[in-house]
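Q: Right, I'll just put the structure down here and ask away after.
The values are calculated or read from the model by the stated rules, or taken from the named source; none is laboratory data. Predicted model only: the values in this text are computed from it and were never measured. Virtual Cβ from ideal backbone geometry, glycine too; neighbours counted across all protein chains shown.
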Amino acid sequence: MYPLIIIIGPTGIGKSALGLELAQKIGGEIISGDSVQIYQKLDIGSAKPTPAELQLVQHHLIDCLDPAEPFSAAQFKLLATSLIKEIKGRGHVPIVVGGTGLYIRSLLDPYDFSQQGCDEIRSKWNNFVSSNGNLALHEELKKRDPVTAEQLHPNNVLRIIRALEVWELTGEPISSQRKFKDNQYQTLDSSIIYIGLTAPRNVLYERINQRCVSMLSQGLIEETLTLLNEGYPPTLKPLQSIGYRHALLYLKGLVTQAEMLRLLQRDTRHFAKRQLTWFGRDPRIRWYNIENSLIEIVGDIFRLAEGTKFV
């Protein structure tokens, strides 16, 4: 039996480096669990592996979609589940690397997402909100799915429309499609090795600050401008992610570059804190401090995987 290895942790912690080292040692293929790396042309802001790293190990779910195409946790679950099976069938070890919490839990717990979508339904509700406003849209969801409505702010139009879409497609509220509560964690199969990376807060925050500086020097602003010049609207969901939305502030003349960097560093630190809170509730994760040697961490995970792989 071949194991499934999952590596999670906050942004900037070193998940990709660990995944790359481990994949080379264990004969693995990497599946990206990042919600932005799936998109083409969004390289710097999503911290994609370099071309050289992509040559070292087979990567999946990177550079698959045009930035204008939608992508959801339900689609990730469908694609990643299929890839895991394919990779094991080749005699390799699938290694999921990413910090998008819902993506990871969709693989481990019984999320039952609606796999369908309907442009006509989405268009109807987009027109509704344009004519009637966010509060009226939220009220429409409250009539159909009060549980989800309670969890969503009226300004979260995208998720409200998605919930209404699921209700119309399935006849059931999206809240009923979670077969478990977020604070319930089912026992994992013995072949799953669930790894988390952490570090003292000051160490993590310094890594994040330096990473943001590096993104600017690598051309984050120029990359964002290129996307705009190619006709992609700034309202696209991937362009509202951390990094790109900050570059947009600068390109619109709303902030100086120095202020943009400060906001980018601050918001990335806050995002990392939320990731740690999300993953920190999961008792199934085996945590490693990155202040330990990467070689030691890889060796320990290899020994765990070896016991599964060669049974």
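Q: Check off (1) within 30 Å of T308 (Cα to Cα); (2) assigned to a helix (DSSP H, G or I); (3) small (G, A, S) for G196 and give me the number that stays unchecked.
A: Unmet for G196, out of (1) within 30 Å of T308 (Cα to Cα); (2) assigned to a helix (DSSP H, G or I); (3) small (G, A, S): (2).
Q: Identify, from the list R281, R286, the residue that is modelled with pLDDT of 95 or more and not aromatic (F, W, Y). Full working, then the answer.
A: Details: R281 fails: modelled with pLDDT of 95 or more.
Checking each option against the conditions leaves just R286.
Q: With the structure loaded, tell me whether I30 is in contact (Cβ under 8 Å) with a residue 60 or more places away in the chain, buried (at least 23 other Cβ atoms within 10 Å of the Cβ) and within 30 Å of R281 (Cα to Cα) or whether it fails that test. Write out each step before concluding.
A: Values: in contact (Cβ under 8 Å) with a residue 60 or more places away in the chain: yes; buried (at least 23 other Cβ atoms within 10 Å of the Cβ): yes; within 30 Å of R281 (Cα to Cα): yes.
Taking the combined requirement at face value, the residue satisfies it.
Q: Counting only residues that are among the hydroxyl-bearing types (S, T, Y), out of contact with any Leu (no Cβ under 9 Å at 6 or more places or on another chain) and closer than 16 Å to I285 by Cβ, how many does the stretch 187-212 have? Step through it out loud before you land on a result.
A: Step one: filter the stretch 187-212 for residues among the hydroxyl-bearing types (S, T, Y), giving 187, 190-191, 194, 198, 205.
Cutting the leftovers down to out of contact with any Leu (no Cβ under 9 Å at 6 or more places or on another chain) gives us 187, 190, 205.
Retained after the next criterion (residues that are closer than 16 Å to I285 by Cβ): 187, 190.
Counting residues in the stretch 187-212 that are among the hydroxyl-bearing types (S, T, Y), out of contact with any Leu (no Cβ under 9 Å at 6 or more places or on another chain) and closer than 16 Å to I285 by Cβ gives 2.
Q: Quick one: what pairs do we get from the stretch 133-153, first residue outside any loop (DSSP other than H, G, I, E, B), second basic (K, R), C-beta under 7 Å, 6+ apart or different chains?
A: Cβ pairs passing all conditions: A149/K142.
Q: Being under 17 Å from the mean Cα position of the chain (by Cα), farther than 17 Å from T198 by Cα and either free of Cβ contacts under 8 Å to residues at least 40 places away in the same chain or surrounded by 19 or more Cβ atoms within 10 Å (Cβ to Cβ) (or both) narrows it down to one residue among L20, L61, L54, L4; which is it? It would help to see each step written out before you state the result.
A: Working: L20 fails: under 17 Å from the mean Cα position of the chain (by Cα); L54 fails: under 17 Å from the mean Cα position of the chain (by Cα); L4 fails: under 17 Å from the mean Cα position of the chain (by Cα).
Going through L20, L61, L54, L4 in turn, the sole match is L61.
Q: Suppose we filter A258, A272, A247 for residues that are assigned to a helix (DSSP H, G or I) and loosely packed, with under 12 Cβ neighbours inside 10 Å; which single one remains? Step through it out loud before you land on a result.
A: On the way: A272 fails: loosely packed, with under 12 Cβ neighbours inside 10 Å; A247 fails: loosely packed, with under 12 Cβ neighbours inside 10 Å.
Criteria check complete, one pass: A258.
Q: Exactly one of these conditions fails for E168: (1) at pLDDT 85 or above; (2) assigned to a helix (DSSP H, G or I); (3) out of contact with any Asp or Glu (no Cβ under 9 Å at 6 or more places or on another chain). Give me its number.
A: Checking E168 against (1) at pLDDT 85 or above; (2) assigned to a helix (DSSP H, G or I); (3) out of contact with any Asp or Glu (no Cβ under 9 Å at 6 or more places or on another chain), the one that fails is (1).
Q: Has the stretch 37-60 got any residue that is touching a Lys or Arg at 6+ places or on another chain (Cβ under 7 Å) and of a type in the set (A, V, I, L, M)? Steps first, answer last, please.
A: Filtering the stretch 37-60 down to residues touching a Lys or Arg at 6+ places or on another chain (Cβ under 7 Å) leaves 37.
Still in the running and of a type in the set (A, V, I, L, M): none.
No, because not a single residue in the stretch 37-60 is touching a Lys or Arg at 6+ places or on another chain (Cβ under 7 Å) and of a type in the set (A, V, I, L, M).
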